[in-house]
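In what follows, a structure is listed as structure tokens, so that the remarks can point back to it.
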Amino acid sequence: MENLNRRRIVQPGLRRLGPCRISCWPALEPGRWLPVMAVEVSYPLLLVALATLLVLSALWLRRRLPRTGAALAALLAAFLLPIVAAALLRLAMLARPQPEDLSLELHPGLRYLRKSLQAPRRMVVHTLIIDLRQPDLHFAISRPTLSAGSEYRAQTVQEYAEERGLFAAMNGDFFLPWHYRRPWDYYPHRGEPVSPNGPVLSEGIEYPIRVRPPVSTAYFTRENRISFDRRPIAAWNAISGQPLLLKDGQLSVHLQGESPVYYDRPHPRSAIGIDASGARMIWMVIDGRQPGYSMGARILDLVALMREQGAVTVMNLDGGGSSTLVARNATGELQALNAPIHHNLPGPQRPVANALGLYFGSERGR
């Protein structure tokens, strides 16, 4: 992928965030994150570190033990060290406490809510409540690159938000190709070609996406009127997902009767919705696959939580390791509000196809 612009961008109105100190933000709260969870792990470096430990252990054992036992001891160390390392990492994950509940105004018209639940299972829920009547509010959809036979080059949500100078962003549509077999055998890496499942419209330009039905699509006008599966004449942006979970307060036909396994098991989830007045938009991301911290949500859990926030129409977005929500803190730096899970580790962000973002004011940093 081409190099991204990493300069710091302070959005209009950010100085009004006086009450928001850096300690407000979940990834930086003392005692809330262990150091291993707060950085993106480089697996090649991890393997090099383990190999170095094995070599040093073998050399030490050879000096300490008779020659007849050195080879056996080295083999034992080679077998045990990775197991011990994995066990320590697992214990560190289990020891991570859930964060405290939080309600914070990030910008006039934009409130962040964080809620830790213990029933029906441990979940950490992250929500952005967006006042669509805010006059300087604008939405943005990542634009396709239309290269290498696919529509996008994969990048993380945070990279996209930094590149476009956005105030906040979340992951978007499902995409292909994708696979995850081992930490070193997965697709996509950053910059590799991927294609979203549904239509994409960015700033009035519609891109020729190879649609894979069934999909639902959220349409945005320049006046921030939002509709689902009904394209207005003045559509300015659009992003897709699947399925539509609620429509005018009623459970979608996709959720009635027998449900796919993916719906019934807890996973990280992402969704967007609007309330009955059409004046509030809700973004929600639920952490998952992190025992002791947040196991994730079933689809019906996600529906119930969105209803609690007043949503009457809700669209499911890509979940699992793709679920990511980022925003700018009081210093203007972007950081993840949730705990994404990638390579089975909390913290790293998965490269995805597209993202939904927002910003305030007439100009974005470029």
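The numbers here are math on the coordinates, done by the rules we state, and not lab data. As the structure is a computational prediction, the values presented were derived from the model and not from experiment. So basically every Cβ, Gly included, is an ideal-geometry build from the backbone, and we count neighbours across all protein chains shown.
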### Message
Please give the Cα centre distance for region 184-246 versus region 264-306, rounded to the nearest Å.
### Response
19
#### Entry: Cβ crowding within 10 Å averaged over residues, with 113-120, 191-198 ranked highest first
191-198, 113-120
### Query
Under the definition of Cα pairs under 8 Å and six or more residues apart, what whole-number percent is the relative contact order of region 153-275?
19
### Cα-based shape type of region 121-187, given that a ≥ b ≥ c are square roots of the gyration tensor eigenvalues and the cut on a/c is 1.5
oblate
### Query
Taking a ≥ b ≥ c as the square roots of the eigenvalues of the Cα gyration tensor of region 131-277, is the shape rounded (a/c under 1.5), prolate (a/b larger than b/c) or oblate?
oblate
### Task
Obtain the radius of gyration and the Kirkwood radius of region 273-366 from its C-alpha atoms and give Rg over Rh.
0.99
